[in-house]
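These notes are about the structure you will find just below.
The values are calculated or read from the model by the stated rules, or taken from the named source; none is laboratory data. Treat the numbers as computed from the prediction; the structure is a model and nothing was measured. Please note: Cβ atoms are built from the backbone with ideal geometry, for glycine as well, and neighbour counts cover all protein chains shown.
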Amino acid sequence: MDTSSNLNYLPLLMQVAVAAGFVIFTLFATHLLTPRVKSKKKEENFECGIEGQGNARFPVSIRYFMTAILFVLFDVEVIFFYPYAVNFHELKLEGLLAVVLFVGFFLIGFIYVRKKGALEWEK
Amino acid sequence: MQKMTNSELSQAIYALFGERIALSEELYDTLVIEVAPKDAYEIIEQLKQDPALSFNFLTLLGGVHYPEMEGRELCVVYHLHSWKNALRLRVKAYLPAEQPSIKSVTSLFETANWMERETYDFFGINFEGHPNLTRILNMDEMDYHPMLKQHPLEDATREDKDDRFFGR
Amino acid sequence: MGKIEDLEVINGEGYQLTTLDKAVALARSNSVWPLPFATSCCGIEFMATMGSMYDLSRFGMERMSFTPRQSDLLIVAGTISKKLGPVLQKVYEQMAEPKWVLSVGACASSGGIFDTYSVLQGIDRIIPVDVYVPGCPPRPEQIIDGVMNIHRLVKHESMRRRYSQEYRHLLSEYKIEVTNAENDK
Amino acid sequence: MRHEKIKTTVSLADKQCMKMNSTDNLIRLSNGQVLSKETIDGDIATINFGPTHPATHGIFQNILTVDGEKILNSVQTVGYIHRAFEKLAERRPYNQITPITDRLNYCSSPINNLGWHMTVEKLLGVSVPKRVDYMRVIIMELARIADHLICDSIIGVDTGALTSFFYPFSEREKIYELYEEMCGARLTTNIGRIGGFDKDFNPVFHQKLKEFMRTFPAAFEEWNGMLERNRIFMDRTRGAGPISAERALAYGFTGPNLRAAGVDYDVRVMHPYASYEDFDFIIPVGVNGDTYDRFMVRQEEIRQSFRIIEQAYNNLPEGAFHAEVPEFFLPDKKDVYNNMEALIYHFKIIMGESEVPVGEVYHSVEGGNGELGYYLISDGGRSPYRLQFRRPCFIYYQAYPEMITGSNISDAVITLSSINVIAGELDA
């Protein structure tokens, strides 16, 4: 395996090392540098200043989850457009067909979601 | 239509209620009438519904404490305002200090809800039929009614302003 | 401002040697995140301080955080009544260390002109205060001067202070019972 | 089939919430937790829109019972900065009550001060010269512009347009400079005296006022253009927190909030004071009383106030800048040293011993938020026997639960900032 190919991966490796290094460094640095004063009142959850009631772990209404997951779905779909947009000319017609098909499935899914009324906010 | 003057207003009120108005005088361009606490509610209701007078707006409701007047220590003051005749009317009802209680006018004017709670909070006047008569401005744990004249202005538990130095 | 010169530093060509303490303190002093506990008139004057004319964000105080979890400086601007005392105590106690308190205005510092039955005569009765700003309301320049004092405090604070004996004594005076031992991390 | 009802462990908010009006639907569980029926069978949450909250712009608390984003009920707690103004006013002499009044509605404190001075003048039976009236009108309309600037910029902040806070605030700083020329303070002004003003407009005030009148319209229209026809702003604010005219009247609304609901009641028109009848200005009236109408009514009122200032400033009459009220107006130093009465009056005013006739009077002015009234009972002593403030914020904040029930939390936030509740005035 000629060495030249894995040489040009070096910058990528350094990039990953710097990114991961920064994250780990800040995590540990803050853990070491900040003083820690624990107290019972500090552990309670913050309810705008008055005594908290009950606990916050309860089934939040489904609409929040539905909106969030649909956003993730269509956001990930957009990511696939980047490679397609880069070599748009080489992929000529069948490339276009593949993408149209891909988007078509999502479109059908979106229409179904609209019909089901998952995005309506008020019941 | 010609705006009604105070004198016409007092005659109209006398015509409407007659002897139930204990006293009526004109102080600084506002007619002041004094009524017995038990029929304050009907008088205000009639004043509101009467087409000619139509006192449709309760401007202010508050209490006054007169410690030296026997049997009439606490006074509830209603400020009514008739927008049709651009006239103000002040209705006063005097209550004894022991169990001061009067019928609440929240059913007539929604705005009286908090004003009555504030008057209860300050003077301890009980408003019968009030949906939620509790303290509104002071802490719930406060046991006395602060606006009564016998209570001091300063907070009793403070220790920074030593009376000896302030010549009190 | 965080001038490098007044720290004990060793200056070389293009580099400076200083203790970790000083470097961290300098970084902290220029990026304090305030919690504006603005209740009454001083709150509006604090808004004027954050406005474009006096612009508090020139000093690294751009980000106002309203949760005590992400704030270092509690700016109490305005009257604190007795009903609000427990709320202020809870907000102060839930702030992450290291934390500072700036009491803006006469009402927060000493009850001001409201020497009445319902006003807490000064917030230092319930929480330890680092800097007091006089005035009713103080002019924005005065508030910024108070913030400058806080920055000076932050810059010269050693990292050991929050574990020191007198800090623990100060907390116990305000009946804040600390659960972790002397210096466990 | 709806998913099986999970036993939620949510309990209601603290004891304030327990005081919900219908107490029959409360069920006490075995472990002592109290739950309302809706909490058990639905995903009802209880959110604390509490004292320290960025959206409340002040210190009051709403415990919202929420189903998802829709608000079902709101229980309010106020009084967090109750400073006992009325008890304090019974201890201070008359001219020292002015500093208290400007801490009522501290966004437009000159209106409170001058309202108080007019109340005492009415009690004393003093009529002030025309020039004082025009000076008072100019200062009160400046204060009204300043108050509306803050309120409308906060609506902009709450709909996400932070720049709409910075633009009007620089205008407000110009108004602060005008106050400084007149009374030395920016916010809590303590402007004027009982019977007029302590000093006339000095040349710097004239120059700054001319400068303000030259630059303000353009700057105001530029800021207004950012929000008024802005698609996002209109979608967010139209239909948020509506209140009908009857409900507004029942709740005792006055001022811009009532005019937004469609009733054109304005104290300056129905009971003109400080010679307001000399100026012509229109009363803007909204249609359906929602946040957008309140915003538009306040914007239009800024323009009308500006027109009043122009009219008042252009024909400002000559004459004395204070009335003959010796027991409240500090005589000049040369009089104090030369004649006896001035010395006595000087001493009385400083010691606060000036006599006031016995009587009771109610006078109200059109404040930034509505009819700001002073009910003064005096027994002739050095301080009022009883002074009650008609605080518009305290009176119309009762309607807040009714305005937000059924709307989303984000609408509740904008509604709160659009009715311009000032905590200082709310719990005096």
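Observations
- Selection within the stretch A:63-73: residues that are of a type in the set (A, V, I, L, M, F, W, C) and surrounded by 13 or more Cβ atoms within 10 Å (Cβ to Cβ). The member of this set that is nearest to the other protein chains (Cβ to nearest Cβ) is A:Met66.
- Which listed residue, of D:Tyr80, D:Tyr106, D:Tyr167, is part of a loop (DSSP other than H, G, I, E, B), of a type in the set (Ser, Thr, Tyr) and over 15 Å from the mean Cα position of the chain (by Cα): D:Tyr80
- All conditions in (1) outside any helix (DSSP H, G or I); (2) within 14 Å of chain A (Cβ to nearest Cβ); (3) within 13 Å of the chain's Cα centre (by Cα); (4) farther than 27 Å from B:Asp140 by Cα hold for C:Val154, with the sole exception of (1).
- For D:Ser108: the one exception among (1) within 14 Å of chain A (Cβ to nearest Cβ); (2) at pLDDT 90 or above: (1)
- Scanning the stretch D:309-354 for residues that are of a type in the set (Phe, Trp, Tyr) and assigned to a helix (DSSP H, G or I) gives D:Tyr313, D:Tyr337, D:Tyr345, D:Phe347.
- Number of the condition not met by D:Gly368 [criteria: (1) more than 29 Å from B:Tyr28 (Cα to Cα); (2) buried (at least 23 other Cβ atoms within 10 Å of the Cβ); (3) within 14 Å of another protein chain (Cβ to nearest Cβ)]: (1)
- Considering the stretch C:128-149, the residues that are in a helix (DSSP H, G or I) and under 10 Å from the mean Cα position of the chain (by Cα) include one that is nearest to C:Gly111 (Cα to Cα), namely C:Gly146.
- Residue in the stretch D:135-146 that is crowded, with 20+ Cβ neighbours inside 10 Å and outside any helix (DSSP H, G or I) present: no
- Matching residues, the stretch A:4-50, being part of a loop (DSSP other than H, G, I, E, B), of a type outside the set (Phe, Trp, Tyr) and within 14 Å of another protein chain (Cβ to nearest Cβ): A:Thr34, A:Pro35, A:Arg36, A:Val37, A:Lys38, A:Glu44, A:Asn45, A:Cys48, A:Gly49
- Subset tally (residues that are surrounded by fewer than 13 Cβ atoms within 10 Å (Cβ to Cβ) and closer than 22 Å to A:Leu119 by Cβ) for the stretch A:75-102: 4
- Residue pairs meeting the criteria (Cβ under 6 Å; at least 6 apart or on separate chains; first hydroxyl-bearing (Ser, Thr, Tyr), in the stretch A:79-90; second part of a helix (DSSP H, G or I)): A:Tyr84/A:Val99
- A:Thr26 satisfies every condition listed in (1) under 30 Å from C:Ser71 (Cα atoms); (2) touching a Phe, Trp or Tyr at 6+ places or on another chain (Cβ under 7 Å) except (2).
- Against the list (1) more than 21 Å from D:Val267 (Cβ to Cβ); (2) within 14 Å of chain C (Cβ to nearest Cβ); (3) assigned to a helix (DSSP H, G or I), the condition D:Leu178 fails is (2).
- Residue within the stretch B:126-148 that is among the hydrophobic types (A, V, I, L, M, F, W, C), in a strand (DSSP E or B) and touching a Pro at 6+ places or on another chain (Cβ under 8 Å) present: no
- Filter result for C:Leu84 (in contact with a strand residue (DSSP E or B) (Cβ under 8 Å, 6 or more places away or on another chain), in a helix (DSSP H, G or I), within 14 Å of chain A (Cβ to nearest Cβ) and among the aliphatic types (A, V, I, L, M)): no
- Only listed residue being part of a loop (DSSP other than H, G, I, E, B) and either in contact with a Gly (Cβ under 8 Å, 6 or more places away or on another chain) or over 30 Å from C:Thr39 (Cα atoms) (or both), chosen from A:Val60, A:Val76, A:Val103, A:Val99: A:Val60
- For B:Gln49: the one exception among (1) away from chain D (no Cβ under 13 Å); (2) over 30 Å from B:Tyr144 (Cα atoms); (3) modelled with pLDDT under 90: (3)
- Any hit, the stretch D:192-209, residues being at pLDDT 90 or above, surrounded by fewer than 16 Cβ atoms within 10 Å (Cβ to Cβ) and polar (S, T, N, Q): yes
- The test for being modelled with pLDDT of 85 or more and exposed (fewer than 13 other Cβ atoms within 10 Å of the Cβ) does not hold for A:Val60.
- Evaluated against (1) buried (at least 21 other Cβ atoms within 10 Å of the Cβ); (2) among the β-branched types (Val, Ile, Thr); (3) out of contact with any helix residue (DSSP H, G or I) (no Cβ under 9 Å at 6 or more places or on another chain), D:Ile232 falls short on exactly one condition, (1).
- Complete set of residues in the stretch C:87-123 that are within 14 Å of chain A (Cβ to nearest Cβ) and over 16 Å from the mean Cα position of the chain (by Cα): C:Val87
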